Amino acid sequence: MRDRELYATILGVTAPWTVDRVDLDVAGGAVHVWLARTEGAPAQCPECQSPCTIYDHRDREWRHLDTCQLQTRLHARVPRVDCPTHGAPAASPCRGALPDCALRCSPPSCRC
């Protein structure tokens, strides 16, 4: 199994998200996992799950549970949506892509 497939499996990443690349930084003590979203995939409001229009993106980073002795850092270009009910919250890759995010990501870096 390759590194992208391994991390997609152990993180529980599902469509429209994929693991784009994995960078090992031994000197920095981290594994960096880059998540990518399928271009043109519909977005949902993270509050009410209704389909929304994407109006821009925001680069985000989360700390996940460690991989052995290395920090696991997730990186994603997260779409921001225009929800008629909730305004413009960011559509987190943790919502629907990484189950039980609140149990596995380290606050305060994760704001799911």
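The values are calculated or read from the model by the stated rules, or taken from the named source; none is laboratory data. It should be emphasised that the depicted structure is a prediction, and the values quoted were computed from it without experimental measurement. In this analysis, Cβ positions are derived from the backbone assuming ideal geometry, glycine residues included, and neighbour counts consider all displayed protein chains.
Laid out as a table, the results:
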read-out: Scope segment 64-85; condition more than 19 Å from Arg37 (Cα to Cα), modelled with pLDDT of 90 or more and surrounded by fewer than 16 Cβ atoms within 10 Å (Cβ to Cβ); matching residues; value: Leu65, Asp66, Cys68, Gln69, Leu70
read-out: Residue in segment 4-13 that is exposed (fewer than 11 other Cβ atoms within 10 Å of the Cβ), closer than 16 Å to Thr72 by Cβ, among the hydrophobic types (A, V, I, L, M, F, W, C) and out of contact with any helix residue (DSSP H, G or I) (no Cβ under 9 Å at 6 or more places or on another chain) present; value: no
read-out: Residue match in segment 88-96 (condition: touching a strand residue (DSSP E or B) at 6+ places or on another chain (Cβ under 8 Å) and either at pLDDT 80 or above or assigned to a strand (DSSP E or B) (or both)); value: yes
read-out: Considering residues of segment 27-43 that are assigned to a strand (DSSP E or B) and closer than 30 Å to Tyr55 by Cβ only, the residue modelled with the lowest pLDDT; value: Ala43
read-out: First in segment 39-60 and closer than 20 Å to Thr18 by Cα and free of Cβ contacts under 8 Å to residues at least 40 places away in the same chain, second anywhere and in a strand (DSSP E or B) and among the hydrophobic types (A, V, I, L, M, F, W, C), Cβ under 7 Å, 6 or more apart; value: Ile54/Ala43; Ile54/Val81; His57/Val78; Arg58/Val78; Arg58/Ala90; Arg60/Ala76; Arg60/Val78
